[in-house]
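The values are calculated or read from the model by the stated rules, or taken from the named source; none is laboratory data. What you are looking at is a predicted structure, and each value in this text was computed from that prediction instead of being measured. Note that each Cβ is placed from the backbone with ideal geometry, even for glycine, and that neighbours are counted across all protein chains shown.
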Amino acid sequence: MSLRLLDLQKPGQIVWTGRFDKTTEDRLDLEEQVAGEAAAQIDSAVLNAASRQPIPDRMTEFGGYPIMLRALPLMQRIDLPSFREAGELLREAIKREPDLAPAHAWRALWRTVVASQAWSDLDGGSRDDAAALASKTVQLDPFDARGLATSGYLRAVLLRETDEARALQERALALNPNLAMAWALSAATLTFRGELTEAEARAKQYKLLAPSDPWAACLDPVIPLIALLKGDFSTASDAARSLAQISPGSRAACQIWLAALGHLGQRQLFAALLGRLNAMEPGFSLARVRAETPLARPADRELFIEGMRKAGAPDR
């Protein structure tokens, strides 16, 4: 089955195409599967198409939404200059329209990725500021699945509030079970909690809904992390390597890859990866990783840290 999404304001312009090869005798089940996967993929396609549209002067004067859209493609690659520009755009969008719920949702994701990348110079906000952003995102629109999912992710990574994060993300999935980002961020929260079986199931659902998600650079690190914590170091290494090749600036991918290589004893890549991590974060050390990791279970933290130690990462 093939589907196409057209922009009727621009006759003949295709916004998205998708092909679905399914085998089932239940026609209703088939239609439900295709509809869910198509909805997930169209969500990102529409946002990307909208972000490429020119901003009319009158829209710039009256609202922040078109400015917010300009930030989204910049956040789809893990790159410091791009994230800096995205942050400025999101701040401007919220300044122009303080109650624009989607802008706060994307700001929550932006801030969480910035923290994960150790780009502290981009956002010097405190823990209280992060908590306020998470709360504001939900208060502005408690029925926005993306806002609930990103607010939960911020709480899990920056505030270590995984109970609250899980509750928010469960509500997000109940509101929109076809939102791929919600499945991925929920998988991350469950991974931090040590609920690896359910986390893996949710990560698979995310990839089923969005096999070529434009947000993969931000969302995919959960996949090799789950494999690493399950002790499947070979799978973790392969998945992290692929992600690090596509997104060479991803600190998470490089750390997970280094830990997996350490457990595998593949010494030939240690020096190059350590050099890359030091370039991303001068003074990279296990002490900082230990202080920043959202992994809640001591055994998970030690497995992660020990792999990097075996690969030669300095303690301090």
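In the range 197-212, is there at least one residue being out of contact with any strand residue (DSSP E or B) (no Cβ under 9 Å at 6 or more places or on another chain), among the hydroxyl-bearing types (S, T, Y), within 28 Å of R107 (Cβ to Cβ) and modelled with pLDDT under 95? Among the residues of the range 197-212, at least one is out of contact with any strand residue (DSSP E or B) (no Cβ under 9 Å at 6 or more places or on another chain), among the hydroxyl-bearing types (S, T, Y), within 28 Å of R107 (Cβ to Cβ) and modelled with pLDDT under 95, which makes the answer yes. Consider the range 223-248 and keep the residues that are small (G, A, S) and closer than 24 Å to A299 by Cα. The one that is surrounded by the fewest Cβ atoms within 10 Å (Cβ to Cβ) is G231. I need every pair where a residue in the range 148-160 that is closer than 17 Å to Q117 by Cα and in contact (Cβ under 8 Å) with a residue 60 or more places away in the chain has its Cβ under 6 Å from the Cβ of a residue that is in a helix (DSSP H, G or I) and hydroxyl-bearing (S, T, Y), sequence separation at least 6 or different chains. Listed pairs, sorted by first residue: A156/T162; A156/T189; V157/T112.
With respect to the conditions (1) in contact with a helix residue (DSSP H, G or I) (Cβ under 6 Å, 6 or more places away or on another chain); (2) under 25 Å from Q255 (Cβ atoms); (3) touching a residue at least 40 places away in the same chain (Cβ under 8 Å), L140 falls short on a single one, namely (2).
Among the residues of the range 249-285 satisfying the criterion of being touching a residue at least 12 places away in the same chain (Cβ under 8 Å) and in a loop (DSSP other than H, G, I, E, B), which is surrounded by the most Cβ atoms within 10 Å (Cβ to Cβ)? Here the answer is S250.
From the list R202, R241, the one residue that fits, being basic (K, R), over 15 Å from the mean Cα position of the chain (by Cα) and either closer than 28 Å to N176 by Cα or not in a loop (DSSP other than H, G, I, E, B) (or both), is R241. Determine if the range 96-118 includes at least one residue that is part of a helix (DSSP H, G or I), surrounded by fewer than 17 Cβ atoms within 10 Å (Cβ to Cβ) and at negative phi. No, the conditions are met nowhere in the range 96-118. All but one of (1) under 12 Å from the mean Cα position of the chain (by Cα); (2) closer than 30 Å to A279 by Cα hold for S120; state the number of the condition that does not hold. It is condition (1) that S120 fails.
Here's a check for you: in the range 176-222, which residue that is surrounded by 18 or more Cβ atoms within 10 Å (Cβ to Cβ) and hydroxyl-bearing (S, T, Y) is nearest to A253 (Cα to Cα)? Within the range 176-222, the match that is nearest to A253 (Cα to Cα) is T191. Does R171 satisfy being part of a helix (DSSP H, G or I), buried (at least 24 other Cβ atoms within 10 Å of the Cβ), charged (D, E, K, R) and without any contact (Cβ under 8 Å) to a residue 40 or more places away in the chain? No: the conditions fail for R171.
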